[in-house]
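Note sheet for the following structure.
The values are calculated or read from the model by the stated rules, or taken from the named source; none is laboratory data. None of these values were measured; they are calculated from a predicted model. Quick reminder, even Gly has a Cβ in these numbers, built from the backbone with ideal geometry, and neighbours come from all protein chains shown. For accessibility, only protein heavy atoms count, side chains too; no ligands or nucleic acids. Shrake-Rupley method; radii C 1.70, N 1.55, O 1.52, S 1.80 Å.
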Amino acid sequence: MVRLISAPRIATLLGDFDRSPAYRGLAEGLRVLITDGRVPVGVRLPSERELTDALEVSRTTVTRAYAQLREHGFLVSRQGSGSVASLPASRGHRGDHLLPPGDLPEDKIDLTCAAPVPGPGVLAAYERAVGELPAYLAGTGYYPSGLPTLREAVADSYAARGLPTSPDQVMVVPGALAGVAIAARALLGPGDRAVTESPTYPNAIATLTHSGARIVGVDVPRDEADTDPLVTTLRQVVPRVAYLIPDFHNPTGALMLDPARAEVARALTRTRTTAIIDESMVALPLDGQQLPAPFASHAPDAVSVGSLSKPFWGGLRIGWIRVPAERMDAFFRARLTLDLGAPLLEQLVATDLLRDGQDLLVHRREQLRASRDAALAAVAAHLPDWRPTHPTGGLNLWCELPAALSTALVARAERHDVLLASGPSFAPEGGLDRFVRLPYTQPAHVLTDAIARLGLAWRETLADPGSTPREAATLVA
């Protein structure tokens, strides 16, 4: 039996949508509903006539919107079943854990990737950017420091958070990880010490390691006000660099509060350590809370790295570095050893989203809040002996297991068509096999299904922890 969704329900879910032109706005709104899971795959959409009446638009608008969705694989027409919601086949999707490139099998749920699909408005931002592109086609297209209008938008975003910033302090880069790589190249030499939190973002571990640094990890405490481990480690190690994620830490979700930031900043000053601050998650508070001041407000010599990948879309590949003015020349030289600038079209899109993307962020936070709550409920139901964090923002649950079986669980989970990254993937110095990261970037119903499967995999792992299925593959390079 084919499930149905009524035209009035679609109208309620859509709310206001872009009507310039209306068919594109309708198609984009329906695409988001399908990728969010609010219109589940396999559900039959209303007829064109029914939706025309419910939305008070022309029949041509609905016809063209449906045609566009069919063209891109989000709608299929079946004899006797009308237009049915679908998802296009994966084209080269992979996660963020140093994975080799390749296609994700359609029957697997990927929990290795902490990045959501694009929300409503991203496609429209691209269309507007294409309209602006001709004005730049008379030049070379190279902007090694970034498009001036984007640098201004980034500087304004810092000022709005209480940190006055000049556009001359901003360098646009192809994603936050590129920013970390440039900072590492500018600040570190072979054998220099670098402190990171443990756990931390795996690709940052690899980037710092490839720079020649000797990495020292320090535990991320469950008490967000506890700075003693980090301050003590800074005093004992006296590192050249500290890579920190104070805003909804990846993977634990911890938020460093203002008093803690001030205390850590004082410790960094005493040890003459430069902080590389990863702010990739700063736009994702989920409980309406007031965020602390940017870390660089407490540590003026800190280097801040940001990105649009987490709040908007990973495919955009635009990030930035906020650098103290006196260090920009060194960072510019380091940058030119890696690339000559970020893509111009994407910089125009990023400028549009930074200036006018607040409504998109509201939608993103609502979606993530629903998915986070669904994931926590599913863990409580299917994995009651796990201890997940309860983050107030960001993209991840960090779950403590009752036994050090994370690596074995990854292999078991793949047998149940769930892809996970093991706890040791996040460990700068090894260990953490008692932990697993669960991103809540998938729709709520997908997460509920995935965690139910993990419950089965976990019970199998406990029953036979020494046995690894032969077909299991190592996910992290």
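Structure data summary
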{"quantity": "Criterion violated by Ile277 - all others in (1) within 22 Å of Phe435 (Cα to Cα); (2) not in a helix (DSSP H, G or I) satisfied", "calculated": "(1)"}
{"quantity": "Residues of region 340-350 satisfying the condition of being surrounded by fewer than 23 Cβ atoms within 10 Å (Cβ to Cβ) and in a loop (DSSP other than H, G, I, E, B)", "calculated": "Leu340, Gly341, Pro343"}
{"quantity": "Considering residues of region 21-65 that are open to solvent by 70 Å² or more (accessible area, probe 1.4 Å) and within 24 Å of Gln367 (Cβ to Cβ) only, the residue farthest from the chain's Cα centre (by Cα)", "calculated": "Arg44"}
{"quantity": "Among the candidates Leu257, Leu291, residue that is under 24 Å from Leu397 (Cβ atoms) and touching a residue at least 40 places away in the same chain (Cβ under 8 Å)", "calculated": "Leu291"}
{"quantity": "Meets criteria (over 18 Å from Thr112 (Cβ atoms), of a type outside the set (Ser, Thr, Tyr) and touching a strand residue (DSSP E or B) at 6+ places or on another chain (Cβ under 7 Å)) for Pro402", "calculated": "no"}
{"quantity": "Whichever residue in region 140-150 is under 22 Å from Leu338 (Cα atoms) and in contact (Cβ under 8 Å) with a residue 24 or more places away in the chain and, among such residues, is surrounded by the fewest Cβ atoms within 10 Å (Cβ to Cβ)", "calculated": "Tyr142"}
{"quantity": "Residue tally, condition farther than 30 Å from Pro148 by Cα and either more than 16 Å from the chain's Cα centre (by Cα) or surrounded by fewer than 20 Cβ atoms within 10 Å (Cβ to Cβ) (or both), over region 351-397", "calculated": "22"}
{"quantity": "Count - residues of region 370-385 that are acidic (Asp, Glu) and closer than 19 Å to Pro116 by Cβ", "calculated": "1"}
{"quantity": "Members of region 400-416 that are surrounded by 16 or more Cβ atoms within 10 Å (Cβ to Cβ) and farther than 24 Å from Thr196 by Cβ", "calculated": "Leu405, Ala408, Leu409, Ala411, Arg412, Ala413, Glu414, Arg415, His416"}
{"quantity": "Output for region 1-20, where each listed residue is open to solvent by 80 Å² or more (accessible area, probe 1.4 Å) and either part of a loop (DSSP other than H, G, I, E, B) or more than 19 Å from Arg364 (Cα to Cα) (or both)", "calculated": "Met1, Arg3, Leu4, Pro8, Arg9, Asp16, Arg19, Ser20"}
{"quantity": "Flag if Ala153 is in contact with a Ser or Thr (Cβ under 6 Å, 6 or more places away or on another chain), within 30 Å of Ala27 (Cα to Cα), aliphatic (A, V, I, L, M) and in a helix (DSSP H, G or I)", "calculated": "yes"}
{"quantity": "Failed item, numbered, when Leu137 is tested on (1) in contact (Cβ under 8 Å) with a residue 40 or more places away in the chain; (2) out of contact with any Phe, Trp or Tyr (no Cβ under 6 Å at 6 or more places or on another chain); (3) of a type outside the set (Asp, Glu)", "calculated": "(1)"}
{"quantity": "Of residues in region 261-304 being among the β-branched types (Val, Ile, Thr) and open to solvent by less than 50 Å² (accessible area, probe 1.4 Å), the one farthest from Arg240 (Cα to Cα)", "calculated": "Val282"}
{"quantity": "Residues of region 209-228 satisfying the condition of being closer than 23 Å to Gly393 by Cα and either in contact with a Leu (Cβ under 7 Å, 6 or more places away or on another chain) or open to solvent by 20 Å² or more (accessible area, probe 1.4 Å) (or both)", "calculated": "Val218, Asp219, Val220, Pro221, Arg222, Asp223, Glu224, Ala225, Asp226"}
{"quantity": "Matching residues in region 439-465 - criterion: being out of contact with any Lys or Arg (no Cβ under 6 Å at 6 or more places or on another chain), of a type in the set (S, T, N, Q) and part of a helix (DSSP H, G or I)", "calculated": "Thr448"}
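A quick yes/no check of all residues on (1) touching a Leu at 6+ places or on another chain (Cβ under 7 Å); (2) crowded, with 23+ Cβ neighbours inside 10 Å; (3) touching a residue at least 40 places away in the same chain (Cβ under 8 Å):
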| residue | (1), (2), (3) |
| --- | --- |
| Ser309 | yes, no, yes |
| Gly314 | no, no, yes |
| Arg317 | no, no, yes |
| Arg322 | no, yes, yes |
| Arg327 | no, no, yes |
| Ala330 | no, no, yes |
| Leu338 | no, no, yes |
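Matching residues to (1) among the acidic types (Asp, Glu); (2) open to solvent by 30 Å² or more (accessible area, probe 1.4 Å); (3) in a loop (DSSP other than H, G, I, E, B); (4) over 28 Å from Glu263 (Cβ atoms):
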| residue | (1), (2), (3), (4) |
| --- | --- |
| Ser157 | no, yes, no, no |
| Pro164 | no, yes, yes, no |
| Asp168 | yes, yes, no, yes |
| Val180 | no, no, no, no |
| Ala183 | no, no, no, no |
| Pro190 | no, yes, yes, yes |
| Thr196 | no, no, no, no |
| Thr207 | no, no, no, no |
